[in-house]
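Undergrad: For reference, the structure I am asking about is given below.
The values are calculated or read from the model by the stated rules, or taken from the named source; none is laboratory data. Here the structure is a predicted model, which is why all the values come from computation and not from measurement. Methodologically, a virtual Cβ is constructed for each residue, glycine included, from the backbone with ideal geometry; neighbour enumeration extends over all protein chains shown.
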Amino acid sequence: MPVALVAISGAAYSLLTRRVNPEKIYREIDWDLLVLFTGLFVRVGGVESSGLAGDLLKTAAIAPIQRPAVLVTVAAVLSNIVSNVPAVLLLKPVVLSLGEPTRSWLLLATTSTLAGNLTILGSVANVIVVEVARRERIDIGFVAYGRVGIPLTILTLLIGWLLLVTVPL
């Protein structure tokens, strides 16, 4: 069975049988995070349906994006502008048009995942961690995060790129 169906069925069962007080469940939901995710995907859908994504991709076509180093760079930058998951959604048409789709998908997956560590905004997971830390009175600022995130991300992107361009698929 699909995981989403199992999850929603379990949640519905818990709420309908009243074994768990629904108010307790509602208190546990991170509504800010839910709104953030919803807004993120609405924004990506808007960019795609407005044609802006196509315009951006046409502009990006000027760059030799079929070259692995260029794809990695574009994906890393885009991941830190719109976050890593929306970056993959926006780059999907580009990857589908490239000559080596398997290698291109692996490069995009690796880059978007690792590039998410560059800045706090690179991944929703980073935002969640920073927000949870703030609730615990631990302040993780943009500069402090960058001192670790930037060199670590550059190193891991370089290693991932080297592995994916040198290892035969």
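Undergrad: Only residues in the range 53-70 that are modelled with pLDDT of 70 or more count as the first member; pair them with residues that are part of a loop (DSSP other than H, G, I, E, B), Cβ under 7 angstrom, at least 6 apart or cross-chain, and list the lot.
TA: If the second residue must be part of a loop (DSSP other than H, G, I, E, B), the pairs left are Gln66/Leu98; Gln66/Gly99; Val70/Ala63; Val70/Pro64.
Undergrad: While we're on this one: From the list Leu155, Leu164, Leu114, Leu118, which residue is within 13 Å of Pro68 (Cβ to Cβ) and either out of contact with any strand residue (DSSP E or B) (no Cβ under 8 Å at 6 or more places or on another chain) or part of a loop (DSSP other than H, G, I, E, B) (or both)?
TA: Going through Leu155, Leu164, Leu114, Leu118 in turn, the sole match is Leu164.
Undergrad: If you don't mind, there's one more thing I want to ask. Are any of the residues in the range 86-104 closer than 25 Å to Thr166 by Cβ, touching a Gly at 6+ places or on another chain (Cβ under 8 Å) and of a type outside the set (Val, Ile, Thr)?
TA: Within the range 86-104, none of the residues are closer than 25 Å to Thr166 by Cβ, touching a Gly at 6+ places or on another chain (Cβ under 8 Å) and of a type outside the set (Val, Ile, Thr).
Undergrad: Then there's this: Have a look at Ser97, Ser112 and point out the one that is modelled with pLDDT under 90 and either surrounded by fewer than 18 Cβ atoms within 10 Å (Cβ to Cβ) or of a type in the set (Ser, Thr, Tyr) (or both).
TA: Ser97
Undergrad: What are the pairs with Cβ atoms under 9 angstrom where one residue, in the range 76-99, is closer than 15 Å to Gly46 by Cα and the other, located anywhere, is basic (Lys, Arg) and not in a loop (DSSP other than H, G, I, E, B)? Sequence gap at least six, or different chains.
TA: Val82/Arg43; Pro86/Arg43
Undergrad: In addition: Is at least one residue of the range 73-91 over 14 Å from the mean Cα position of the chain (by Cα) and surrounded by fewer than 13 Cβ atoms within 10 Å (Cβ to Cβ)?
TA: Checking the range 73-91: not a single residue is over 14 Å from the mean Cα position of the chain (by Cα) and surrounded by fewer than 13 Cβ atoms within 10 Å (Cβ to Cβ).
Undergrad: Against the conditions (1) under 16 Å from Leu155 (Cα atoms); (2) surrounded by fewer than 22 Cβ atoms within 10 Å (Cβ to Cβ); (3) in contact with a helix residue (DSSP H, G or I) (Cβ under 7 Å, 6 or more places away or on another chain), where does Val127 fall short? Just the number, please.
TA: (1)
Undergrad: Based on what the data block shows, is Leu98 part of a helix (DSSP H, G or I) and not small (Gly, Ala, Ser)?
TA: No: the conditions fail for Leu98.
Undergrad: Continuing with the same structure: Given the conditions (1) part of a helix (DSSP H, G or I); (2) modelled with pLDDT of 90 or more; (3) surrounded by 13 or more Cβ atoms within 10 Å (Cβ to Cβ); (4) not charged (D, E, K, R), and given that Ile140 satisfies all but one, which numbered condition is not satisfied?
TA: (1)
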